[in-house]
1. Restricting attention to region B:321-341, report how many residues are in a strand (DSSP E or B) and either surrounded by 15 or more Cβ atoms within 10 Å (Cβ to Cβ) or touching a residue at least 24 places away in the same chain (Cβ under 8 Å) (or both).
2. Look at region B:123-153 and say how many of its residues are more than 14 Å from chain A (Cβ to nearest Cβ), at pLDDT 85 or above and under 18 Å from B:Tyr196 (Cβ atoms).
3. Taking the condition under 26 Å from B:Ala204 (Cβ atoms) and either surrounded by fewer than 18 Cβ atoms within 10 Å (Cβ to Cβ) or touching a residue at least 12 places away in the same chain (Cβ under 8 Å) (or both), does B:Gly262 pass?
4. Considering each residue of region B:204-238, count those that are in contact with a Leu (Cβ under 7 Å, 6 or more places away or on another chain), within 29 Å of B:Leu321 (Cα to Cα), in a helix (DSSP H, G or I) and touching a residue at least 40 places away in the same chain (Cβ under 8 Å), and give that number.
5. Among the residues of region B:11-48, write down those that are surrounded by fewer than 20 Cβ atoms within 10 Å (Cβ to Cβ) and of a type in the set (Gly, Ala, Ser).
6. Restricting attention to region B:44-81, report how many residues are facing another protein chain (nearest Cβ under 9 Å) and in a loop (DSSP other than H, G, I, E, B).
7. Can we say B:Arg99 is surrounded by 15 or more Cβ atoms within 10 Å (Cβ to Cβ), without any contact (Cβ under 8 Å) to a residue 12 or more places away in the chain and within 14 Å of another protein chain (Cβ to nearest Cβ)?
8. Taking region A:32-90 only, how many residues are β-branched (Val, Ile, Thr) and either in contact with a strand residue (DSSP E or B) (Cβ under 9 Å, 6 or more places away or on another chain) or under 16 Å from A:Ala260 (Cβ atoms) (or both)?
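The values are calculated or read from the model by the stated rules, or taken from the named source; none is laboratory data. Predicted, not measured: the structure shown is a model, and the values here were computed from it. Cβ placement follows ideal geometry from the backbone for every residue including glycine, while neighbour counts extend to all protein chains displayed.
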Amino acid sequence: MNKTVNQKAWFLILPVLVLVAFSAVIPLMTVVNYSVQDTFGNNQFFWAGLEWFEEMLDSERMWDALGRQLAFSAIILAIEIPLGIFVALNMPKSGFWASLCLVLMSLPLLIPWNVVGTIWQIFGRVDIGLLGHTLAAMGIDYNYTQNIYAAWITVIVMDVWHWTSLVALLAYAGLQSIPDAYYQAAKIDQASRWKVFRFIELPKIMGVLMIAILLRFMDSFMIYTEPFVVTGGGPGNATTFLSIDLVKMALGQFDLGPAAAFSIMYYLVILLISYVFYTVMTNLDKREGY
Amino acid sequence: MAKITLDNLAHSYLPNPKGEDDFALKELNHDWVDGEAYALLGASGCGKSTLLNIISGLLHPSQGRILFDDKDVTHAPTTERNIAQVFQFPVVYDTMTVRDNLAFPLRNRGADAAYVAQRVQQIAAMIGMEDMLNRKARGLAADAKQKISLGRGMVREDVNALLFDEPLTVIDPHMKWELRTQLKSLHHEFGHTMIYVTHDQTEALTFADKVAVMFDGRVVQMGTPQELFERPEHTFVGYFIGSPGMNVLNAEVTGDRAMIAGTQVALGRDFGAPTGKVELGVRPEFTRLTSEDTGLPVTIKRIEDVGRHKIVRADFEGTPLNVIVEEGREISPDMTRITFDPAGVNIYADSWRVAPKGDAA
């Protein structure tokens, strides 16, 4: 077969190149540019090499934020994944109630992040919030602006409220795709409910579950708006996650160099973890026996 | 092992069935004799799988009762019925090894480990997967998976019945023969009651002692392969069984004569005077081409040589007719008429067979 060579065809990909350049490449390069320079104002920049990266790697502040971030992601995954599966298993399979459940469960997913934050910020307030006031009336010391545990619990419960639906919906979709014959065969084989879950349902939803874990991990690892609206990173630095710290550094203190170095490392960590997830996910489908 | 009795059984998938048309399975009374191998044969959507699922308890009938050895199990759950069932598409537990898959039904019933090991080995030998026992079931080809499903169905020795729902659909043709032969020898060895659902007549006729032919939610005939061939009780049985199926012609029948579009045909037996829509059915095997001046005048459309014999596709006043001509017999251009062997002729009124006088059946 003869290939037609037409170099003008390159022009056809020009629009997307321009788009990607403006939306990703140029902003990212700006950050790279900042990360290797220092400034004393007046728009004067000096070459700083890898100084900022070294400083950030030695910075206790960044390691603390990373620790909090990992703890947060681990906790919400440990709650949302099993809870989402549990909800999906108990949802009606078809009919009016199934549709109603799906609509109700989608609602939290449709609410903008800052609105979710505001809802919980007010909900948890000790003076006027339904939750905060009730807990206070019951004699429980709950105040997310002062108590570290209260702040963490609020942020975690808020995330669980906001995102468990996503896991549940994905798991539900996975469960719906299991042919009836599997359940019938399990009945014939006298498998217990647990064995049905362990040997039929779990293996069959593993694929969508990996997607759910990846999405929830990425999102929680980059979380900013909701905790920022509720706790502002406090009390102290107790709920200052990576993004919140980054914004404080870049916009609050205007330390552009360190913040840029921080961003790049943050970006690389997410890239690395996503790559690992992707590899695991693609291999999951191709796994052979033995 | 048990005798299975269906008593006034019927099923509709609608909550409030109005007429007979709403029933996927029409009223049915039948005994499945203990230890026999049955085939349920019929086209897709005729209610075969519905009937099977009712027997295994996966579906609860809208009316009637099911008895296992005269014990009512209509509302008993599947596990209590102690039934094994193999489905159309392979069901394997992906994360388990082949060995664990086969052992699963036994372990769930708390069988002794030594017995499980020995029994699994036996079944693995039967399905030819001894060298794969330690492999994960994931990633196996469809036919290997279906062999595991079959193995899991057969692993319990004490089942009341073994039900197969078109189990060989995904299996390669050469493997089909082998597995079917194994199922049959298994049946001879253990004497389980077996019910085998299929839409493939060869499968049904080679597997079963008795074949139940289903049509439109009804068992239209239950009999040995020979009975189905020689005395189809319903024109559907005639069409569906045989290759090609029975020739069916509109006729007027009085006594031992039939008039087919103006030509008189001798029937050899007295059928009385059937009313309704009367048809004459005769299998291509009992039909002959002749150059003599008797019989129905036909136009020959084409001749297919299938090796063992030739199939002549002919046309009689717009109705297609098939004739089977033994190999080695010449077909000459002057053979323009067809005669029937009276022994192979059946008369139908409104699709159901009319018994000739003096015939007990």
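1. Looking only at region B:321-341, we keep the residues that are in a strand (DSSP E or B), and these are B:321-326, B:337-340.
Okay, now just the ones that are also either surrounded by 15 or more Cβ atoms within 10 Å (Cβ to Cβ) or touching a residue at least 24 places away in the same chain (Cβ under 8 Å) (or both), so B:321-325, B:337-340.
Residues meeting the conditions: 9.
2. 1
3. Numbers: under 26 Å from B:Ala204 (Cβ atoms): no; either surrounded by fewer than 18 Cβ atoms within 10 Å (Cβ to Cβ) or touching a residue at least 12 places away in the same chain (Cβ under 8 Å) (or both): yes.
Spelling it out, it is not the case that B:Gly262 is under 26 Å from B:Ala204 (Cβ atoms) and either surrounded by fewer than 18 Cβ atoms within 10 Å (Cβ to Cβ) or touching a residue at least 12 places away in the same chain (Cβ under 8 Å) (or both).
4. Looking only at region B:204-238, we keep the residues that are in contact with a Leu (Cβ under 7 Å, 6 or more places away or on another chain), and these are B:204, B:207, B:211-214, B:217, B:219, B:221, B:225, B:237.
Then keep just the ones that are within 29 Å of B:Leu321 (Cα to Cα); that gives B:204, B:211-214, B:217, B:219, B:221, B:225, B:237.
Imposing the further condition that a residue be in a helix (DSSP H, G or I) reduces the set to B:204, B:225, B:237.
Okay, now just the ones that are also touching a residue at least 40 places away in the same chain (Cβ under 8 Å), so B:204.
Counting residues in region B:204-238 that are in contact with a Leu (Cβ under 7 Å, 6 or more places away or on another chain), within 29 Å of B:Leu321 (Cα to Cα), in a helix (DSSP H, G or I) and touching a residue at least 40 places away in the same chain (Cβ under 8 Å) gives 1.
5. The first filter runs over region B:11-48 and keeps only residues surrounded by fewer than 20 Cβ atoms within 10 Å (Cβ to Cβ), leaving B:13-22, B:26-27, B:29-31, B:33-36, B:43-45.
Answer for region B:11-48, where residues must be surrounded by fewer than 20 Cβ atoms within 10 Å (Cβ to Cβ) and of a type in the set (Gly, Ala, Ser): B:Gly19, B:Gly35, B:Ala43, B:Ser44, B:Gly45.
6. 3
7. Numbers: surrounded by 15 or more Cβ atoms within 10 Å (Cβ to Cβ): yes; without any contact (Cβ under 8 Å) to a residue 12 or more places away in the chain: no; within 14 Å of another protein chain (Cβ to nearest Cβ): yes.
When the stated conditions are applied, B:Arg99 does not pass them.
8. Taking region A:32-90 and keeping what is β-branched (Val, Ile, Thr), we get A:32, A:36, A:39, A:75-76, A:79, A:81, A:85, A:87.
If we keep only those that are either in contact with a strand residue (DSSP E or B) (Cβ under 9 Å, 6 or more places away or on another chain) or under 16 Å from A:Ala260 (Cβ atoms) (or both) as well, we get A:32, A:36, A:39.
The total comes to 3.
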